[in-house]
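Notes to accompany the following structure.
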Amino acid sequence: MVLNRLRSFSPIDAVAAVVALAALGGVIWSPKLSNAVAKATGAVKPVRVSVDVRHLYSANPEQLLNSAREEAALNIVIRNQPAGRVTLVSVDDLTNSLTAVQPDGSVVVADAPSTALPRHARFVMEANAEIKPSGVVIGGTKLKVGVPVELEGRLYRLNGVVSGVTPL
């Protein structure tokens, strides 16, 4: 009787079973589910990430930086993969100042006289990330110093490089 039941299965039934198992495996190992499991187990911890944006060209760079500060959150894209929304802690202007050595050996530092020069900025953000032995993982993507990222707000999309990752 068992032999008769096995004969009633066709190759199409076997293919359907394999597809169903693959779908079940995809659900179990999906990034969203693994993130939920990581949150539930306490593997997700807050980290502070700093991103340096060089050569920030804007008609009004101070207004752009103030707009970013007011927004208080932005989307981050790591290696062309959307990694979610992060909280913006601060935006610092890193534009180089002029340094001159005087004949008596003293050093004089002054702000650059031209605002037409490209500006540099450091965006400091906080995010929830998995801390793994291989590094910090945000949104399923490893984040290390030197990794190129995109920062996207309501009025801007900027390319930068990670300059610091610190677990809190």
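The values are calculated or read from the model by the stated rules, or taken from the named source; none is laboratory data. These numbers were taken from a predicted model, which means no experiment stands behind them. Quick note on the areas: whole protein, heavy atoms, side chains included, nothing else; ligands and nucleic acids left out. Shrake-Rupley method; radii C 1.70, N 1.55, O 1.52, S 1.80 Å.
Observations on the model:
- Once the 1.4 Å probe is applied to the protein heavy atoms, segment 56-157 comes out at 59 Å² accessible per residue.
- Dividing the C-alpha radius of gyration of segment 107-168 by 2.2 N^0.38 Å, with N its residue count, gives 1.50.
- Share of carbon and sulfur in the accessible heavy-atom surface of segment 73-168 [1.4 Å probe, %]: 52
- Under-5 Å amide H pairs with Val149, H placed in peptide plane, nonlocal only: Gly160, Val161, Val162
- Treating each Cα of segment 44-116 as one equal point scatterer and applying the Debye formula with no solvent, the log10 of I(q)/I(0) at q = 0.18, 0.19 Å⁻¹ comes out as -0.89, -0.95.
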